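Enquirer: Dropping a structure here in structure tokens format, bear with me for questions.
FYI, it's all coordinate maths here, none of it is from the lab. This is a predicted model, so every value here is computed, not measured. With ideal geometry, Cβ positions are generated from the backbone for all residues, glycine too; neighbour counts draw on all protein chains shown.
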Amino acid sequence: MKKESLKNNKNKKIKEFRINFDIKTVFVFIFATFFLYTLFEPAISESMNNSDEVPLTKILQDIKTNKVKSVLVEDNKVTATYKNDKKLITRKEARDSFRQILNDNEIPLDQVAIETKDSTLTVEILRVAGSIIPAILLFAFFWFVMRQARGAQDSVFSFGQSKAKRFIKQKSNTTFKDVAGVEEAKKELEEIVDFLKNPEKYRKLGARAPKGVMLVGPAGTGKTLLAKATAGEASVPFYSIAGSEFMEMLVGIGAARVRDLFNTAKKTSPSIIFIDEIDAIGRARSRGVMSSHDEREQTLNQILVEMDGFTPSEQVIVVAATNRGDLLDPALLRPGRFDRRIMVDYPDVEGREAIIKIHSRNKPFDKNVRWDRVAKRTVGYSGADIENMMNEAAISAARNNKPAISMENIEDAATKVKLGPEKKRLQTELDRKITAYHEAGHAVVSHFQKLTDPVHRISIVSRGMALGYTLIPPGKDQLHTSFSQLLERLAVIMGGRAAEETVFKEITTGASNDFDQATNIARRMVTDFGMSSLGPVNFGPTQDITEWGSEFWEQNNISQEMMAKIDHEINRILTQAYEKAVQIVKKNRKALDKVAANLMEHESMNQDHFEKIVGIKKINK
């Protein structure tokens, strides 16, 4: 069996070698072999036959002395057979006749028996081929070299050709049924597809198709997926290209590729062009204050002309996507070019549940999995985060040899996506105790406040850079946040340090990240939201889009006295939040100790287990 498997493996290797063998290499190998053979064949033949060949004069002398019995003439080869059956070989000129050679040397023709053997057809063919094939191979070699050189020359001039990929409806498996959580954007693109399919319905009412649709939103929210779905739904040619593919080392290539792309789209109109990451070429043009990128600006100018220039493209619709809409040139976003600007934001709870159901297709799940709880658990997750979470849950279940994906697998995957994988760090018992009280402090302060959300999960298992974590996802999606809610959120963030100081009468470095988050929130409350005694004034930096090309922030003119007041207000808010956290921790010390002891024993606890210790949270929102 082993021998047969070895033979099969060898055969497979040989087959793979033959399949992957380059035809150019084969051609060069044959040419070199034949050329070398033609070059050295006479010398090789002469060296091989030196031992048997003798001069023609010796054969003629032996014929005169009646030592030769017969002679066999084959072309220029003469084989003499002696009376003692010895054979010697000699050569003559191919054009000379052996009988004429005997006459010239005054040897009677009846002195020896002469037999002539004509060359066969095969020999003649090989002889002709031997003289013609080298010339053919030499010509083919020079033709191949010239063709390669011409191809390299043509590739220089082909830089201006567009690299856009054309999608055919039958070859795109993604449709609008595979997109969820972005219903508004999906409806807009469905309208675009319907316009291209039924243009007369709109023209009767005097409507024209939008020339461009700009999809703007954070990374991972489904902008490219929407474009793929549009390609799958559209019955028209769909061209896809990334913004960076327009740029090249040579000047003018980007503009040439834009022209080529739109010309190709016009020839197959009606059609759709999708430009992903358009901010790579669509950034605002400078006005001389900053140095400009001429090549990028030429490319942008060409796009502006193609979309709404002197001869606009009426049957070509451009769909673009970016997560940096603030950097785009105003001329690109004006009506007549990109008529519609669609925000593709993070999905709400209903959108997340729909996305989860899409990515749960063809996956087995336990009966105890509750999709509504998973949707509420994943506040702030993008569509890409959810897809990654479901994939990680399937990997976790397979790694543990489970027949189906459980709620625990989904919970672990959700935590892994946001915080990273678990890390087993060597910690002393004191370190574990400090971490347990720190996380218990966050949870207890959150639980005993009215405007905060329920604690979802607590753990002292290290993930990423954190030694532990307390998850408090929002119970529902909110558009507005009040001053009281922000103040309670700051108290929750300060709860870890408050618990450490209350229990150990000492402070540690573990709350540094908490202070960073709290300070940012407090600063925005003062400078952006007007939530301080300084009044409803914005003290934050502003963006000068017109003069600075949307790439730089300009600090407002604030006096040193006012900056000191801002710092004082930030410190006052943080101190107020910390005092509130210390008050809650001291008031609920028994609950804090129980939660910390449970974390020391089990390392993690979920919402149900936590509420069994501290009671059901009363929410007043």
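Enquirer: Structure shown: which of Lys433/Lys505; Lys565/Lys587; Lys505/Lys617 lie over 24 Å apart, alpha-carbon to alpha-carbon?
Expert: Over 24 Å Cα-Cα: Lys565/Lys587; Lys505/Lys617.
Enquirer: Pop the C-beta distance of Gln100 and Ile136 into the FRET formula with R0 = 35 Å and round what comes out to the nearest 0.05.
Expert: Values: r = 36 Å, r/R0 = 1.03.
The formula returns an efficiency of 0.45 here.
Enquirer: May I pose another question? Between the range 54-84 and the range 99-117, what is the C-alpha centre distance in whole Å?
Expert: 10 Å
Enquirer: Another one. Taking the alpha-carbon centroid of each part, what is the distance from the range 580-595 to the range 407-438 in angstrom?
Expert: After rounding, the separation between the Cα centres reads 22 Å.
Enquirer: Can you tell me the FRET efficiency between Asp294 and Leu327 if r is taken as the Cβ-Cβ distance and R0 is 25 Å, rounded to the nearest 0.05?
Expert: After rounding, the FRET efficiency stands at 0.85.
Enquirer: Follow-up question, since we're still on this one. Assuming R0 = 56 Å, can you tell me the calculated FRET efficiency for the pair Met562 and Lys476, based on Cβ-Cβ distance, to the nearest 0.05? Please report the intermediate quantities before stating the final value.
Expert: Numbers: r = 38 Å, r/R0 = 0.67.
The calculated FRET efficiency here is 0.90.
Enquirer: Also, I was wondering about something else. In the range 442-545, which chymotrypsin sites (Phe, Trp or Tyr not before Pro) are in a loop and have at most 16 other Cβ atoms within 10 Å, using DSSP for the loop call?
Expert: Passing sites in the range 442-545 are Phe529.
Enquirer: For each of His359, His568, count neighbouring Cβ atoms within 10 Å of the residue's Cβ, then give the residues from fewest to most.
Expert: The order, fewest Cβ neighbours first, is His568, His359.
Enquirer: Through the Karplus equation 6.51 cos²θ - 1.76 cosθ + 1.60, θ set to phi - 60°, convert the phi angles of the range 260-267 into ³J(HN,Hα) values in whole Hz; use x for Gly and Pro.
Expert: 5, 5, 5, 5, 5, 5, 5, 5
Enquirer: Is the shape of the range 349-419 rounded, prolate or oblate, going by the alpha carbon gyration tensor and its root eigenvalues a ≥ b ≥ c, with a/c under 1.5 for rounded and a/b larger than b/c for prolate? Mind showing how you got there, number by number?
Expert: Details: a/c = 1.71, a/b = 1.37, b/c = 1.24.
Taking the square roots of the gyration eigenvalues as a ≥ b ≥ c, the range 349-419 is prolate.
Enquirer: Can you put Arg497, Arg208 in order, fewest other beta carbons within 10 Å first?
Expert: On the way: Arg497 24, Arg208 11.
In order of increasing Cβ crowding within 10 Å: Arg208, Arg497.
Enquirer: To continue, here is another question. Identify the trypsin sites (Lys or Arg not before Pro) of the range 376-474 meeting these criteria: DSSP loop state and at most 10 other C-beta atoms within 10 Å of the C-beta.
Expert: The qualifying sites are Lys424, Arg425.
Enquirer: Here's another thing I want to ask about it. Arrange Ser360, Ser446, Ser97, Ser512 by Cβ neighbour counts within 10 Å, fewest through most, would you?
Expert: Ordered by Cβ neighbours within 10 Å, fewest first: Ser512, Ser97, Ser360, Ser446.
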